[in-house]
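The values are calculated or read from the model by the stated rules, or taken from the named source; none is laboratory data. Predicted model, so just to flag it, every value in this text is computed and none were measured. Cβ placement follows ideal geometry from the backbone for every residue including glycine, while neighbour counts extend to all protein chains displayed.
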Amino acid sequence: MASQYTPRVFSGIQPSGGLTLGNYLGAMKRFVDMQNTGDFETVYCMVDLHAITVWQDPQALSRNTRELCAGFIASGIDPEKSILFNQSQVPEHAQLGWVFNCVARMGWMQRMTQWKDKAGKNSQNASLGLFGYPSLMAADILIYHATHVPVGEDQKQHLELTRDIAIKFNNDYGVDFFPVTEPVIEGAATRVMSLRDGSKKMSKSDPSDMSRINLTDDADAIAKKIKKAKTDPEALPSDVDGLADRPEARNLVNIYAALADSTPEAVLAEFGGQQFGAFKPALGDLAVSKLAPISAEMSRLMDDPAEIDKILRRGAERGREIAAPILAKTYEIIGMVR
């Protein structure tokens, strides 16, 4: 990464409601860790413009945006240390998104696997916004000259497109303006699976509430769900190779490791050879100690929506302080009269 760029992390989450343990371990906890290293400026966003690529109930969108903000803060994001805002309050995202619509190629967008998955056989009825989603995502990142983005498996292709757009823009205009953003690959145990089926990702859309831990669950609900999580009859192995064909066991070990800031190897060094009757209570206690305070703080914050809105407005102001000059320079490079 060229030294001209401030080390800066950007990431966003859609305000689609129903935050789960998967959101916490797969995203929010990582965001807090990156905030607290001091190695980067951190910019975190509720991407409400992305949310409306499919129809949203207006009241639900407002509520979900505030709930997501509460989830960020309750998980440890400090609005003073990080820039925290909702995307639609920083118009530079959409403005740079249009520029990138004119840089990206149709063929690039048609190859996006998420477009194929979400549009399916009914692509003619999908919104133009859904098709252009990755271009706006590139703008989300590059409007801050973000040098690093934490990504999971499902977003790697979109980040590759972001890099392609940055390279093409720089080449088209003979500049070295946009950084070629580096992925920060997810660590162990950030892909959290269903508590009822270790082969499926934990999801708010699963019909069974017992398949997931919601960030709004209280201590009793968390403990009950861990106790009733699906397992197999075998004892825990002494090394990770022994988890290879045991998806439920692997999932619970990974969850313990992630919550404890440990590794699956260390968890098995402690619990290897023990039955789930011994392991589950330890995991339940750990999950309650880590997650119940988050649930309580989210509830407190959601009781004061005006305070959440104030935090988001201030975050948007700080975001625009970075984004506006970058957009202005982009327009200058292109030749827009200002």
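Please determine whether any residue of segment 170-182 is farther than 22 Å from Q14 by Cβ, aliphatic (A, V, I, L, M), part of a helix (DSSP H, G or I) and more than 20 Å from the chain's Cα centre (by Cα). Scanning segment 170-182 turns up no residue that is farther than 22 Å from Q14 by Cβ, aliphatic (A, V, I, L, M), part of a helix (DSSP H, G or I) and more than 20 Å from the chain's Cα centre (by Cα).
Condition check ((1) out of contact with any His (no Cβ under 8 Å at 6 or more places or on another chain); (2) outside the structural domain of F31 (by TED's automatic domain parsing); (3) at pLDDT below 95) across all residues:
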residue	(1), (2), (3)
L84	yes, no, no
A94	yes, no, no
G107	yes, no, yes
W115	yes, no, yes
S123	yes, no, yes
Y133	no, no, yes
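Of the residues making up segment 110-130, just one is of a type in the set (G, A, S), touching a helix residue (DSSP H, G or I) at 6+ places or on another chain (Cβ under 7 Å) and in a helix (DSSP H, G or I), namely A119.
Taking (1) exposed (fewer than 14 other Cβ atoms within 10 Å of the Cβ); (2) in a helix (DSSP H, G or I); (3) among the polar types (S, T, N, Q) in turn, Q157 satisfies each apart from (1). Filtered by the rule that a residue be polar (S, T, N, Q) and either closer than 19 Å to E270 by Cα or modelled with pLDDT of 95 or more (or both), segment 215-248 gives T231, S238. Taking T263, is it more than 30 Å from N64 (Cβ to Cβ), polar (S, T, N, Q) and under 27 Å from the mean Cα position of the chain (by Cα)? For T263, the condition - more than 30 Å from N64 (Cβ to Cβ), polar (S, T, N, Q) and under 27 Å from the mean Cα position of the chain (by Cα) - is met. May I ask you to verify whether L236 is part of a loop (DSSP other than H, G, I, E, B) and of a type outside the set (D, E, K, R)? In short, yes.
Helices (runs of 4 or more DSSP H) fully within segment 1-109 that include at least 1 residues being more than 16 Å from the chain's Cα centre (by Cα): 29-37, 58-75, 92-101.
So which residues in segment 2-53 are of a type in the set (G, A, S), in contact (Cβ under 8 Å) with a residue 60 or more places away in the chain and over 22 Å from H158 (Cα atoms)? Answer for segment 2-53, where residues must be of a type in the set (G, A, S), in contact (Cβ under 8 Å) with a residue 60 or more places away in the chain and over 22 Å from H158 (Cα atoms): G17, G18. Among the residues of this structure, A244 counts as one that is farther than 22 Å from R212 by Cβ and either buried (at least 18 other Cβ atoms within 10 Å of the Cβ) or not assigned by TED's automatic domain parsing to the domain that holds K29 (or both). Given the criteria more than 24 Å from the chain's Cα centre (by Cα), assigned to a helix (DSSP H, G or I) and loosely packed, with under 14 Cβ neighbours inside 10 Å, does A306 qualify? So A306 passes the test. Regarding L68, is this residue free of Cβ contacts under 8 Å to residues at least 60 places away in the same chain, buried (at least 20 other Cβ atoms within 10 Å of the Cβ), under 26 Å from F131 (Cα atoms) and not β-branched (V, I, T)? Criteria met by L68.
To keep it simple, each residue is scored yes or no on (1) surrounded by 15 or more Cβ atoms within 10 Å (Cβ to Cβ); (2) assigned by TED's automatic domain parsing to the domain that holds G22; (3) touching a Leu at 6+ places or on another chain (Cβ under 7 Å); (4) farther than 19 Å from I77 by Cα.
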{"site": "I222", "(1), (2), (3), (4)": "yes, no, yes, yes"}
{"site": "K225", "(1), (2), (3), (4)": "yes, no, yes, yes"}
{"site": "V240", "(1), (2), (3), (4)": "yes, no, yes, yes"}
{"site": "S262", "(1), (2), (3), (4)": "yes, no, no, yes"}
{"site": "A269", "(1), (2), (3), (4)": "no, no, no, yes"}
{"site": "P281", "(1), (2), (3), (4)": "no, no, no, yes"}
{"site": "I311", "(1), (2), (3), (4)": "yes, yes, yes, no"}
{"site": "I326", "(1), (2), (3), (4)": "yes, yes, no, yes"}
